[in-house]
Structure formats: C-alpha cells, structure tokens
1. If you take the residues in the range 1-25 that are open to solvent by less than 20 Å² (accessible area, probe 1.4 Å) and away from the ligand (no atom under 16 Å from the Cβ), which one is farthest from Asn242 (Cα to Cα)?
2. Hey, any hits in the range 135-143 for a residue that's open to solvent by 50 Å² or more (accessible area, probe 1.4 Å) and either away from the ligand (no atom under 15 Å from the Cβ) or part of a helix (DSSP H, G or I) (or both)?
3. Taking the range 228-241, which residues are open to solvent by 90 Å² or more (accessible area, probe 1.4 Å) and touching a helix residue (DSSP H, G or I) at 6+ places or on another chain (Cβ under 7 Å)?
4. Please give the number of the condition Glu212 fails out of (1) at pLDDT 95 or above; (2) touching a strand residue (DSSP E or B) at 6+ places or on another chain (Cβ under 9 Å).
5. Is it the case that Leu175 is touching a helix residue (DSSP H, G or I) at 6+ places or on another chain (Cβ under 7 Å), in contact (Cβ under 8 Å) with a residue 60 or more places away in the chain, over 21 Å from Asp103 (Cα atoms) and aliphatic (A, V, I, L, M)?
6. Are any of the residues in the range 119-131 among the aliphatic types (A, V, I, L, M), more than 16 Å from the ligand (Cβ to nearest atom) and over 26 Å from Glu19 (Cβ atoms)?
7. Which of the residues that make up the range 105-115 are out of contact with any Ser or Thr (no Cβ under 8 Å at 6 or more places or on another chain) and in contact (Cβ under 8 Å) with a residue 24 or more places away in the chain?
8. How many residues does the range 26-45 contain that are of a type in the set (A, V, I, L, M), within 11 Å of the ligand (Cβ to nearest atom) and either touching a Leu at 6+ places or on another chain (Cβ under 7 Å) or at pLDDT below 95 (or both)?
Amino acid sequence: MQLKIYKDYQSLSDAAATEITELVKNKPNAVICLASGETPRLTCKLLVEKVKKEKVDLSHITFIGLDEWVGIPPDNDGSCHYFFQNEIFKPLHFSASQTNLFDAMSGNLEEECKKIDSIIVENGGIDLMLVGIGMNGHIGFNEPGVSFDYYAHVIDLDDTTVSVGQKYFKTTATLKEGITLGLKHLQESKKVLLLANGAKKAGVIKKTVEGEITNEFPASIMQTHPNGFVMIDKEAAALLENK
Ligand code: PGA
C-alpha cells in the first residue's frame, strides 16, 4: 500500500480522475468499479470533463457499482443507482449493457450477488476499484466484523452506517441492509484507490494506515494490498505519524 497526500480535495479528485482516464487509454475494455457517496462526487465530475476534453472512449469499459441500499428504489436520489446515473452514465452516454449495478429491489438478492460476481469473473476481474471510507472504517457495505474472504453479499448495516447514511436522503430512509462487493474483490482488484478528504476522516485514515489489520476495522485491509493507494488531502492526513 502507498500513501498519497494531496494539498486539497480538488487535486486529490483530479488525480483520481486521471487514474481512470489513463487506465482506459491503456486498456479500453477495463473493468472499473466505483463507489458513490460524497467523496467520489468531484472525481466523477472531473472524470466527465476529462473524458470529453481528451476524447477518451469509455464505450468498451465494464462498469461495476460497489454497493446499494437494500430496498431503496433506483429513482430515490439517495440511492447509489441515482448517483451513478446522474454523475456518470448520463453525462458519458454509457450503454445499459456496460453498466452493472446491484438490483437492491430484487426478491432474490442472493442471485444478484451471484450475477455481479460472475460478471466480474467473465470480464477478467476488476482492473481498478475506487472506494471511499465510512466513519466506522467500512468499504462499500463491508461493515465492522465482516470476513475478508467474502465476494458479493448482503449484510446487516452497522448503526454508524444507518445514522451517517441519512445524509444522502431528503426524508428519513429505512436503512437495514446493504448489498455490496466483498473485500475478496478488493484484494483481487489489480489496483485499488481509497479516497478520503476532510478533517472528519482523519481518525479513520489513521486507523486505516497505521492501525492493526483487523476485520473489526475493514479498511485496514488496504495495508495488505500490493497495488493499493490511500489518496487523501492534508486534512484527512492530520493525525498520521508517518507522512
Ligand atoms: P462518503 O461515504 O464518501 O459519503 O463520506 C463514504 C462511505 O461511507 O463509504
């Protein structure tokens, strides 16, 4: 794992967007997994700008969504579906056949997990996974205590995830379960970028980078990834001893 500290959120997001465009220039049929949420929002905006300016062809990539709130419909603007549709798919004219998101309204969520697991395998594995980090150290909905060995799965949400998650919704949402890629996917991804910005993430970044590697703090798995990059701004780096 490598640590990269940027002067601010803008330069961090710019670097992350560049990682994606450079990957696709070298591998037009790359498999890319992105997280939704506040952290990657600017990365997505800058990605759209770069792709248009540099005329990068994304029509051959396979897009995988990291996770979704179980029972939240895709037209709810707090859903991950809504985020990806509006931040990426519509502005970049992605075709439905290249976008793969969990259907969290499905009556058979186990089947949804199998479907996404198979798509990843059939397309040769994830080339780049870009994730954020929750206030409890989760990645996607890999909540504290989750096995490092899971692929896609359905999981009960941690109390922190349920309360912090309300920030995405205009009215109180009932959040109980999540459907998510697993940490085995993260371990097998050819490259992983974990992004964090702002002072509120300084504590979880310290645990991620300098804490014990434990499934009680899932993001600590980043320390074991040979091609993992923790990309943060100065504020999120504030508590690190070695920087
Ligand atoms: P955020 O979410 O980017 O909205 O802070 C991070 C997460 O919970 O994974």
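The values are calculated or read from the model by the stated rules, or taken from the named source; none is laboratory data. The structure displayed is predicted, hence computed values, not measured ones. We place every Cβ from the backbone using ideal geometry, glycine too, and count neighbours over all the protein chains shown. Protein only, heavy atoms only, side chains kept; ligands, DNA and RNA dropped before computing areas. Shrake-Rupley method; radii C 1.70, N 1.55, O 1.52, S 1.80 Å.
1. First, pick out the residues of the range 1-25 that are open to solvent by less than 20 Å² (accessible area, probe 1.4 Å): 12-13, 16-17, 20-21, 24.
Keeping just the survivors that are away from the ligand (no atom under 16 Å from the Cβ) gives 20-21, 24.
On the way: Ile20: 28, Thr21: 30, Val24: 33 Å.
Across the range 1-25, the extreme among qualifying residues is Val24.
2. Initially, the range 135-143 is screened for residues open to solvent by 50 Å² or more (accessible area, probe 1.4 Å), giving 135.
From the residues that got through so far, the ones that are either away from the ligand (no atom under 15 Å from the Cβ) or part of a helix (DSSP H, G or I) (or both) too are none.
Scanning the range 135-143 turns up no residue that is open to solvent by 50 Å² or more (accessible area, probe 1.4 Å) and either away from the ligand (no atom under 15 Å from the Cβ) or part of a helix (DSSP H, G or I) (or both).
3. Initial filter on the range 228-241 (open to solvent by 90 Å² or more (accessible area, probe 1.4 Å)): 234-235, 239, 241.
If the condition is that a residue be open to solvent by 90 Å² or more (accessible area, probe 1.4 Å) and touching a helix residue (DSSP H, G or I) at 6+ places or on another chain (Cβ under 7 Å), then Glu235, Leu239, Glu241 are the ones that fit.
4. (2)
5. No.
6. Initially, the range 119-131 is screened for residues among the aliphatic types (A, V, I, L, M), giving 119-121, 126, 128-131.
Now drop any that are not more than 16 Å from the ligand (Cβ to nearest atom), which leaves 119-121, 126, 128.
Filter again for over 26 Å from Glu19 (Cβ atoms), leaving none.
So far as the range 119-131 goes, no, none of its residues is among the aliphatic types (A, V, I, L, M), more than 16 Å from the ligand (Cβ to nearest atom) and over 26 Å from Glu19 (Cβ atoms).
7. Residues of the range 105-115 that are out of contact with any Ser or Thr (no Cβ under 8 Å at 6 or more places or on another chain), as a first pass: 105-111, 113-115.
If the condition is that a residue be out of contact with any Ser or Thr (no Cβ under 8 Å at 6 or more places or on another chain) and in contact (Cβ under 8 Å) with a residue 24 or more places away in the chain, then Met105, Leu109, Glu110, Cys113, Lys114 are the ones that fit.
8. Start the filter on the range 26-45 by keeping residues that are of a type in the set (A, V, I, L, M), which leaves 30-32, 34-35, 42.
Remaining after also requiring within 11 Å of the ligand (Cβ to nearest atom): 35, 42.
Remaining after also requiring either touching a Leu at 6+ places or on another chain (Cβ under 7 Å) or at pLDDT below 95 (or both): 35.
Qualifying residue count for the region: 1.
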